[in-house]
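Every read-out reported here was derived from the displayed coordinates using simple, explicitly stated rules and does not represent laboratory data. The model shown is predicted, which means the values in this text are computed figures rather than measured ones. Positions of Cβ are generated from backbone atoms using ideal geometry, with glycine treated the same way; all protein chains shown enter the neighbour counts.
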Amino acid sequence: MNFRDIPGQEEVKSALTNAVKLNHLAHALLIRSDDGGAGLPLAISFANFMLCPNRTEKDACGECDTCSKTKKFIHPDFHFVLPYKSLSDKDEDQGKAEMMAQWRSLISENFYPTLRNWASHAEIESKQISISVKESRRILYNVALKPFEAEKKIIFIWLPELLGNEAANALLKVLEEPNQRTQFLLIAHDYEKILPTILSRTQLVSVRRFTDDEISSTLMKDFGADLEKTEQIARLAEGNMNAARELVHGMPDNNLALFQNWFRLCYGQKMVDLVFLSEEFQNMGKEPQKNLLQFGLSMLRESLIYNYGKPEQIRLTVEEKSFMANFSKVIQANKVDRISQWINESYYQIERNVNPKMVFLDLSIQISKIIKA
Ligand SMILES: [Zn+2]
C-alpha cells in the first residue's frame, strides 16, 4: 500500500514526506483518525515510504526489493504491534506468526479495518483483545537491535488505546529515550482513551474524515458501482470508508424507489398494501433492511436541510431531489424527529432479530399516524 492508493488526504501526505525531507520528523507520531478513516493506510504508506531506497519526493517506488517486502509485510525492520489475544510463553512465536498471517489476509481485503473487523477476522472475543505487557517488552527488545536492512526500524502500534497500564509503562521507557534508529508510528481510533503519559511523548497527526467525493470515487474504482449508488452510500457512510465498503454489498439498488413507494402508502394509509409491502421487506434480508432504514433516516435529515438549510448543503442525486420537492412538504420539521426515533428503534429491533415483517408493519402504522397528525 502506498500514498497513491489513498484518495485525497494530500495535506497529511505532504506534511509527513516534508518532515522526512527536512529532517524534522518527531521520533514518535500519533496518527489519529476515526473508525474507517485514513489513519492506518497513511501510516503503512508512510512506513513504506521511509523504508524504500528508491522513493520519489512523494511516495515509495512500489517496485524495488524493499517495496516487495513491505507489500507482503515481511520487511525485517517493519515491526507490527497489534491488539491480540494473550499468548502463553510456550506458543508465543507460533501465535505471533499466526497473528501476522491473519493481519496480512485482512489488509489484503480491506485497507480500512476497524477493531471489530480485526477481532472477527482473527476470531478473538472483543473483551479478550489488548496489547499485552509481553508485547511492550518485545518492543524494548526490538528497539535495542540495529536495523537489518534500512536506516531505521519502524515500530508500528495499531490502537495504542488498547495498551493496559503496565504495558503502557513499559513502552514509556522507550518513548522517553528516543534513538535515531527507531521510528514509532502509533495509530489510534479512540483517542480519548489513550493514556496522557503516552500522548505527551508523541506528536499528534490528525487525519480528517473522507469527503463524499473521495468515498464515491473509490467505490466506483474498486467495486464498479455506479455514480448514483455511490453518492447515496457516501452520504450514509459519513466519511467512514469501512462503512461505505460494507454498504456497497448490502445496499439495494433501488432504495429510493422502495422508500418512495413505502412512504406513499403510509401517506395514503393503505393498510392492506402495507401488509404486503412488509412481507416484501421481510424477504429482502437483514442487511438490505437495515440499509433501507438508514436511507430513510438520511432522507429525513436531508428534508430539514431542504426546508431550512442553504441550497449548497443539499447532498442529493437528481432523482432524490425531485422526490424531495414533495416529501419535504409532507414531512415538516416536528415530524422528522418523531419518525426518525421510530426508524431508529426499528433498526435496533432488526439487529436483534425481531421478526422483520412485524417491525416494518408496526413502523408503517406509526409513520402513517405521524404524517396524518
Ligand atoms: Zn521501493
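Alpha carbon centre of region 128-191 versus region 311-333: separation in Å?
50
Over the Cα atoms of the chain, each weighted equally, I'd like the Debye log10 I(q)/I(0) at q = 0.07, 0.11, 0.12 Å⁻¹, rounded to two decimals.
-0.40, -0.85, -0.95
If you average the alpha carbon positions of region 40-84 and of region 15-30, how far apart do those two centres end up, in angstrom?
Comparing the Cα centres of region 40-84 and region 15-30, I get a distance of 16 Å.
Under the classification rounded if a/c is under 1.5, otherwise prolate if a/b is larger than b/c and oblate if not, where does region 1-82 fall, given a ≥ b ≥ c as square roots of the Cα gyration tensor eigenvalues?
Judged from the Cα gyration tensor, region 1-82 comes out rounded (a/c under 1.5).
Could you work out the helix-only [θ] at 222 nm for the chain, with each DSSP H run of four or more residues adding -39,500 (n - 2.57) and the total divided by the number of residues, to the nearest 500 deg cm²/dmol?
Working: 17 runs with 217 residues, N = 373.
Mean residue ellipticity, 222 nm, calculated: -18500 deg cm²/dmol.
Name the shape class, rounded, prolate or oblate, that the alpha-carbon gyration tensor gives for region 241-306, where a ≥ b ≥ c are the square roots of its eigenvalues, rounded holds for a/c under 1.5, and otherwise prolate holds if a/b is larger than b/c and oblate otherwise.
It comes out oblate by the Cα gyration axes.
Residue by residue through region 160-168, which ³J(HN,Hα) values in whole Hz follow from phi under the Karplus form 6.51 cos²θ - 1.76 cosθ + 1.60 (θ = phi - 60°), with glycine and proline marked x?
Running phi through 6.51 cos²θ - 1.76 cosθ + 1.60 with θ = phi - 60° gives x, 5, 9, 7, x, 3, 5, 5, 5 Hz.
Could you grab the relative contact order for the chain? Cα pairs under 8 Å, six or more apart, rounded to a whole percent. It would help to have the intermediate numbers written out before the result.
Values: 503 pairs, mean separation 65.1, N = 373.
Relative contact order, the chain: 17 percent.
By the gyration tensor of its Cα atoms, with a ≥ b ≥ c the square roots of the eigenvalues, what is the shape of region 3-208: rounded for a/c under 1.5, prolate for a/b over b/c, or oblate?
Rounded.
Residue-wise, which Karplus ³J(HN,Hα) couplings in Hz belong to region 99-109, taking 6.51 cos²θ - 1.76 cosθ + 1.60, θ = phi - 60°, and x for glycine or proline?
So the J values, rounded to whole Hz, are 4, 5, 5, 5, 4, 4, 6, 5, 5, 5, 8.
Report, to the nearest 10°, how far helix 255-267 tilts away from the longest principal axis of the Cα atoms in the chain, using its own Cα long axis and a range of 0 to 90°.
So the inclination is approximately 40 degrees.
Please list, in order along region 170-182, the HN-Hα scalar couplings obtained from phi with the Karplus expression 6.51 cos²θ - 1.76 cosθ + 1.60 (θ = phi - 60°), rounded to whole Hz, x for Gly and Pro.
Working through the residues one at a time gives 5, 5, 4, 3, 7, 5, 6, 10, x, 10, 4, 9, 10 Hz.
For region 120-226, which GluC sites (Glu not before Pro) pass both filters: DSSP loop (anything but H, G, I, E, B) and at most 16 other C-beta atoms within 10 Å?
Sites meeting the loop and neighbour criteria: 123, 125, 149, 151.
Distance between Cα centroids, region 208-286 to region 90-125: provide it in whole Å.
Comparing the Cα centres of region 208-286 and region 90-125, I get a distance of 30 Å.
For the chain, find the longest principal axis of its Cα atoms and tell me its angle to the long axis of helix 10-21, 0 to 90°, nearest 10.
0
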